[in-house]
Amino acid sequence: MKDFFKSVRFKIIAGLLAVLLGIMVYSAVSGGSDSLISSAVGAVLSPVQKLSQIIYVKVTETMDMLANASDYYKENQKLKREVSELENRMADYLNTVEENERLREMLELKEKNKDISLSEPCSVIGRTANDITGSFFIDKGSADGISVDDPVITPSGLVGFVFETQLTYSKVRTVLSPKISLGVFCAETGDTGILEGNYSLASDELFTMKFINSESQIKPGNLIITSGYSGIVPKGLLAGTVEGVYPDESGLSLTAVVRPVVPPSSLKSVFVITDFTGKGEKLEN
């Protein structure tokens, strides 16, 4: 610091300050008559005043932050807790809305299908790794009245069948699986056939309706409905929509490629039909 006061830089700064001070004194004595000098002083001092004001504001803000750091920290923690509480409330609200929607769907399904008994809404809690047919786990099991071969549905239609149950969860095989085979018919033409999964189509989330009459007028866009004659599933459940039709290898019948009502990969919740009028045969597992 002593070296600074002895340096050339300090002497130059001191000289400039002396000159400015002299100009200010002269201007004051002359009563401000010399406008040229006053303008010069203003031009020189204006940037200094602005810089001083900026420095003052910054220093004031910094001192305030240092002096009140504890209060600011407490306020910040309080705001974080309030935000967390609001987020939890929102999550609870959304869960309640979703649960109410599921219950509403269940009531509507029961109203439309008085001859079936439904489980409580089931959440999809996991999926089978490396299974292109999309089998998945639900959070309801034998303790909830669910049994092997019970049909699994959404409000839109058939999804698949339960093929394994434990006390608190079950595993569901989807309509994409070749292990599922049941009678269906076309809503528009009345043609009957057999719903079967197909490994080569499963990756595109499609299945087939086989053994359709070769003279059938079935076409893309037609709806495929469960026939219910086998007792495996109730009659009248929508299974899917026709994507395309082609002759089978023998040329004696047609095969339709069908897209399920709900892609298995997008399922989040389902219902299980635990009983229905006409329930009979079991699927082969």
> Of all the strands (runs of 3 or more DSSP E) wholly in the stretch 180-285, which have at least 1 residues that are surrounded by fewer than 18 Cβ atoms within 10 Å (Cβ to Cβ), of a type outside the set (A, V, I, L, M) and under 37 Å from the mean Cα position of the chain (by Cα)?
Replying inline: 181-186, 207-213, 238-247, 269-276
>> Could you list, ordered by first residue, the pairs with Cβ atoms under 7 Å in which the first is in the stretch 151-174 and in the same structural domain as VAL233 (by TED's automatic domain parsing) and the second is among the acidic types (Asp, Glu) and outside any strand (DSSP E or B), at least 6 apart or interchain?
In response: PRO155/GLU105; PRO155/GLU108; PHE161/ASP149; PHE161/ASP150; VAL162/ASP149; VAL162/ASP150; TYR169/ASP139
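The values are calculated or read from the model by the stated rules, or taken from the named source; none is laboratory data. As the structure is a computational prediction, the values presented were derived from the model and not from experiment. Glycine also receives a Cβ, built like all others from the backbone with ideal geometry; neighbour counts cover every protein chain displayed.
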